[in-house]
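The values are calculated or read from the model by the stated rules, or taken from the named source; none is laboratory data. Just so it is clear, the model here is predicted, and its values are computed rather than measured. With ideal geometry, Cβ positions are generated from the backbone for all residues, glycine too; neighbour counts draw on all protein chains shown.
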Amino acid sequence: MKHLFYKTIRILTIPPITACLTFLVLFFHQKVLITLSDLLLAVCTISIFPILGYVIHPLIVKHTGKYKGREGQRSIAMYFCLIGYIVGIATTLYTNPSDNILLVYLGYLSTGITIFISNVFGFKLSGHAVGIAGPVALLFYFGQFEWMIGFVLMFFVILSSLKMKRHRPSELLVGVLLPFLFLPIVNYFLLHF
């Protein structure tokens, strides 16, 4: 029964879902994502694109014979994440180059690139931990009280990842810290360049 609880937590808190909920909160409070088109672009590029990676994975394996198994699935999802973030940034620069919106996209892109690179070098950084910590960091940064709910969920995500032996504590710790480190760095560059 405990295993089912932890698995359910992991499913309900996958990064595309937590990102989508964060965007809805920011839209509802008229913070950052002010227009409906801002919201839809963020949901499409940051929430839906990564899920498409999982949907398309079987076709890629069937036609190429590459990217088999869970690790292959993760790799395809990471590619789709990065593509989504880049499309989001490019579209935002063209349509609504708000610093706050760019902060969201560049925050996701910088953590996505870091996850990708760390995985290439054999450190299986937890995308799940980043996927829950990123929304907490964004909501905290933009002054939304819902960050506290995300903080509680972050505890359960970490616990479920440990109980199900999906990640080592170091992979989870770095995953949680990453958004909190990158958000001020990205913000600094947006303000000064």
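Mind checking which residues of the stretch 118-133 are under 13 Å from the mean Cα position of the chain (by Cα), over 16 Å from Val104 (Cβ atoms) and part of a helix (DSSP H, G or I)? It would help to see each step written out before you state the result.
So the first thing to find is which residues in the stretch 118-133 are under 13 Å from the mean Cα position of the chain (by Cα), and the list is 125-133.
Still in the running and over 16 Å from Val104 (Cβ atoms): 125-129.
Hits for the stretch 118-133 are Gly127, His128, Ala129.
Return the residues of the stretch 41-69 that are more than 24 Å from Cys20 (Cα to Cα), out of contact with any Phe, Trp or Tyr (no Cβ under 8 Å at 6 or more places or on another chain) and either not hydroxyl-bearing (Ser, Thr, Tyr) or not in a helix (DSSP H, G or I) (or both); say none if nothing qualifies.
Of all residues in the stretch 41-69, those more than 24 Å from Cys20 (Cα to Cα) come to 58-69.
In the following step, the residues that additionally are out of contact with any Phe, Trp or Tyr (no Cβ under 8 Å at 6 or more places or on another chain) were identified as 58-59, 62-69.
Of everything in the stretch 41-69, those that are more than 24 Å from Cys20 (Cα to Cα), out of contact with any Phe, Trp or Tyr (no Cβ under 8 Å at 6 or more places or on another chain) and either not hydroxyl-bearing (Ser, Thr, Tyr) or not in a helix (DSSP H, G or I) (or both) turn out to be Pro58, Leu59, Lys62, His63, Gly65, Lys66, Tyr67, Lys68, Gly69.
List every residue pair whose Cβ atoms lie under 8 Å apart, where the two residues are 6 or more positions apart in sequence or sit on different chains, the first residue falls within the stretch 69-97 and is in contact (Cβ under 8 Å) with a residue 12 or more places away in the chain and basic (Lys, Arg), and the second residue, located anywhere, is part of a helix (DSSP H, G or I) and crowded, with 16+ Cβ neighbours inside 10 Å.
Cβ pairs passing all conditions: Arg74/Asn119; Arg74/Gly127.
Identify all residues within the stretch 136-152 that are more than 15 Å from Leu173 (Cα to Cα), in contact with a helix residue (DSSP H, G or I) (Cβ under 8 Å, 6 or more places away or on another chain) and part of a helix (DSSP H, G or I); write none if there are none.
Matches in the stretch 136-152: Leu138, Leu139, Phe140, Tyr141, Trp147, Gly150.
Take Leu103 and decide whether it is out of contact with any Pro (no Cβ under 6 Å at 6 or more places or on another chain), crowded, with 20+ Cβ neighbours inside 10 Å, more than 15 Å from Pro16 (Cα to Cα) and at pLDDT 90 or above. It would help to see each step written out before you state the result.
Numbers: out of contact with any Pro (no Cβ under 6 Å at 6 or more places or on another chain): yes; crowded, with 20+ Cβ neighbours inside 10 Å: yes; more than 15 Å from Pro16 (Cα to Cα): yes; at pLDDT 90 or above: yes.
For Leu103, the condition - out of contact with any Pro (no Cβ under 6 Å at 6 or more places or on another chain), crowded, with 20+ Cβ neighbours inside 10 Å, more than 15 Å from Pro16 (Cα to Cα) and at pLDDT 90 or above - is met.
Keeping to the stretch 1-40, report how many residues are part of a loop (DSSP other than H, G, I, E, B), touching a residue at least 12 places away in the same chain (Cβ under 8 Å) and surrounded by fewer than 15 Cβ atoms within 10 Å (Cβ to Cβ).
Number satisfying all stated conditions: 1.
Determine, yes or no, whether Gly112 is part of a helix (DSSP H, G or I), over 15 Å from the mean Cα position of the chain (by Cα), within 22 Å of Ser161 (Cβ to Cβ) and of a type in the set (Gly, Ala, Ser). Even if it seems obvious, please write down each step before you answer.
On the way: part of a helix (DSSP H, G or I): yes; over 15 Å from the mean Cα position of the chain (by Cα): no; within 22 Å of Ser161 (Cβ to Cβ): yes; of a type in the set (Gly, Ala, Ser): yes.
No.
In the list Val136, Val174, which residue meets the criterion of being surrounded by 22 or more Cβ atoms within 10 Å (Cβ to Cβ) and within 25 Å of Tyr105 (Cβ to Cβ)?
On the way: Val174 fails: surrounded by 22 or more Cβ atoms within 10 Å (Cβ to Cβ).
It is Val136.
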